[in-house]
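The values are calculated or read from the model by the stated rules, or taken from the named source; none is laboratory data. As the structure is a computational prediction, the values presented were derived from the model and not from experiment. Cβ atoms come from the backbone with ideal geometry, glycine included; neighbour counts cover every protein chain shown.
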Amino acid sequence: MKKKSEANDIELAREILRAAGLRSTPARIAVLIALQKGSKPQTHAELSERLVPLGFDKATVFRNLTDLTDVELVSRTELGDHVWRFEIRDPNHDRSSHPHFVCVECGTVSCMEGMNLPDDKQRKSLNISRISEILVKGHCLVCEPV
């Protein structure tokens, strides 16, 4: 049963990569699946730790993270510690439509719905063309209970 699940994961990854215009190489498939199975944004080092024993070198993992980010399958976030964290991007989720909260301890990213961002007229008066993301950093309730 596990092999069937792995085969399904691989086929789904291939379809996602093809739809994004990328070749479905073994390294890209492995990086995409590792990100999909992650419960939080992962660093290059964390992904490399999982994928190097499978035969992929660190540079290959990084190049594929960059490729996946460039075609917007993956989001890249920096939490203030100068380390990029990567996570699968939901194509139906517009990161520029509302702020996100990032826990600086565990890396959990949460939507902050209901907060209004400047409208087109306000942005233009502030010389802002487009907001790509608003990120609020702090500690989540799990990492720092009240």
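Assorted remarks:
- Residue 114 vs. criteria small (Gly, Ala, Ser), modelled with pLDDT under 80 and surrounded by 13 or more Cβ atoms within 10 Å (Cβ to Cβ): no
- Flag if residue 86 is out of contact with any strand residue (DSSP E or B) (no Cβ under 7 Å at 6 or more places or on another chain) and farther than 18 Å from residue 18 by Cα: no
- Only one of the numbered conditions (1) crowded, with 19+ Cβ neighbours inside 10 Å; (2) in contact with a strand residue (DSSP E or B) (Cβ under 7 Å, 6 or more places away or on another chain); (3) modelled with pLDDT of 80 or more; (4) not polar (S, T, N, Q) is violated by residue 107, and that is (3).
- Complete set of residues in segment 48-62 that are in contact (Cβ under 8 Å) with a residue 12 or more places away in the chain and part of a helix (DSSP H, G or I): 48, 50, 51, 54, 58, 60, 61, 62
- Residue match in segment 81-93 (condition: among the aromatic types (Phe, Trp, Tyr), under 24 Å from residue 8 (Cβ atoms), crowded, with 18+ Cβ neighbours inside 10 Å and within 12 Å of the chain's Cα centre (by Cα)): yes
- Condition met for residue 15 (modelled with pLDDT under 90 and either assigned by TED's automatic domain parsing to the domain that holds residue 108 or of a type outside the set (S, T, N, Q) (or both)): no
- Only one of the numbered conditions (1) assigned by TED's automatic domain parsing to the domain that holds residue 11; (2) at pLDDT 85 or above; (3) not hydroxyl-bearing (Ser, Thr, Tyr) is violated by residue 40, and that is (2).
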